[in-house]
1. Taking 0.36 nm per residue of separation and subtracting the Cα-Cα distance, what length does fully extending ASP61 through LYS75 add?
2. To the nearest Å, what is the center-to-center distance of segment 57-88 and segment 23-48, using C-alpha atoms only?
3. What distance in nm lies between label points placed 7 Å from Cα along the C-beta direction at SER25 and ALA68?
4. Tell me, what is the percent relative contact order of the chain, built from C-alpha pairs under 8 Å that lie six or more residues apart?
5. First compute the accessible area of segment 1-97 with a 1.4 Å probe, then give the percent of it belonging to carbon and sulfur atoms.
Amino acid sequence: QVQLAESGGGLVQPGGSLRLSCAASGRIFRIYAMGWYRQAPGNQRELVAGISSSGSTNYADAVKGRFAISRENAKNTVYLQMNNLKPEDTAVYYCNMRLASTDYWGQGTQVSVSS
């Protein structure tokens, strides 16, 4: 069984920064893609950023230039550096990892951007 543990969410003022972390534990042989999704109240879950096993990244248009995703394979960890946060970034953020043909999800961490 594989478990994902997220950390780093919280309340921040507009223009502030947060760094999310997500570490995988359990029976892990290889992690392929990693990513961060978010879901705001009343909205569907959407992809924020993804990173492949080779390090290629992709971002939602709304966060390009402000967010940066990275991974540390030796620690089975993915990060999301979020800068210049805006109120519309408020959501529950979920990490996702693909191992073989199975997707695993974290429990979610709340990010709130408000003055």
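1. On the way: separation 14, 0.36 × 14 = 5.04 nm, distance 2.86 nm.
This chain segment gains 2.2 nm when fully extended.
2. Spelled out, the Cα-based centre of one part sits 12 Å from the other.
3. Rounded to a tenth, the inter-label distance reads 2.8 nm.
4. Working: 284 pairs, mean separation 42.4, N = 115.
It comes to 37 percent, rounded to a whole number.
5. So the carbon and sulfur contribution to the accessible surface is 46 percent.
The values are calculated or read from the model by the stated rules, or taken from the named source; none is laboratory data. Everything numeric here is computed off the predicted structure, so don't read it as measured data. Virtual Cβ from ideal backbone geometry, glycine too; neighbours counted across all protein chains shown. When the accessible area is computed, the model is the full protein with side chains, heavy atoms only, and any ligands, DNA or RNA have been set aside. Shrake-Rupley method; radii C 1.70, N 1.55, O 1.52, S 1.80 Å.
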